[in-house]
């Protein structure tokens, strides 16, 4: 579990330079990922060699999502904005016109792939709140 926590702590450091991206933004992902990678490399270059190598390896492990720990960390990371939206009555989903279908399509692969039980919990919450109008309008 310590490895997962460390991945969660370092994975956003590339956004210091690149900025954070709304999880439901469409297009431009390759460019944003390249900018985050460059940002992570710059931030980690400020560290001694041992820490730089260690943190960069954790950052790449999270981004690559090939280990069970990385998939779990990605699931937790992807679930956090959904949990915040559920707590805030879908505030950003409504403000940005994000539909239920778009939320499920964007969240399901990472969360279900990294922690199926977490996805089951979230899907039940999303389904329950869909009827409360906590989502933006679906595209026409």
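Looking at 23, 43 in this structure, which one is touching a residue at least 12 places away in the same chain (Cβ under 8 Å), in contact with a helix residue (DSSP H, G or I) (Cβ under 7 Å, 6 or more places away or on another chain), part of a helix (DSSP H, G or I) and outside the structural domain of residue 107 (by TED's automatic domain parsing)? Walk me through how you get there before you give the answer.
Values: 23 fails: part of a helix (DSSP H, G or I).
Residue meeting the stated conditions: 43.
Whenever a residue of the stretch 51-76 is at positive phi, its partners that are surrounded by 15 or more Cβ atoms within 10 Å (Cβ to Cβ) and assigned to a helix (DSSP H, G or I), lying with C-beta atoms within less than 9 angstrom and at least six residues away or across chains, give the pairs 65/71; 65/73; 65/74; 65/110; 65/113; 65/114. Condition check for residue 47 on (1) under 30 Å from residue 98 (Cα atoms); (2) at pLDDT 90 or above; (3) over 15 Å from the mean Cα position of the chain (by Cα): one failure, at (1).
Taking the stretch 1-20 as the range and being loosely packed, with under 13 Cβ neighbours inside 10 Å, modelled with pLDDT of 75 or more and in a loop (DSSP other than H, G, I, E, B) as the test, the residues that pass are 1, 20. If you go through the stretch 77-91 and keep only what is in contact (Cβ under 8 Å) with a residue 40 or more places away in the chain and either part of a helix (DSSP H, G or I) or closer than 26 Å to residue 59 by Cα (or both), you end up with 77, 78, 79, 81, 82, 85, 86. If you go through the stretch 26-40 and keep only what is surrounded by fewer than 10 Cβ atoms within 10 Å (Cβ to Cβ) and either at negative phi or outside the structural domain of residue 60 (by TED's automatic domain parsing) (or both), you end up with 26, 30. Condition test on residue 118, is it surrounded by 12 or more Cβ atoms within 10 Å (Cβ to Cβ), out of contact with any strand residue (DSSP E or B) (no Cβ under 7 Å at 6 or more places or on another chain), assigned to a helix (DSSP H, G or I) and in contact (Cβ under 8 Å) with a residue 40 or more places away in the chain? Here the answer is yes, as residue 118 does meet what is asked. Only residues that are in contact with a helix residue (DSSP H, G or I) (Cβ under 9 Å, 6 or more places away or on another chain) and either outside the structural domain of residue 119 (by TED's automatic domain parsing) or exposed (fewer than 12 other Cβ atoms within 10 Å of the Cβ) (or both) were counted in the stretch 85-103, giving 0.
The values are calculated or read from the model by the stated rules, or taken from the named source; none is laboratory data. Model, not experiment: these values are computed from the prediction. Cβ coordinates were reconstructed from backbone atoms using ideal geometry, including for glycine residues, and neighbour counts include every protein chain displayed.
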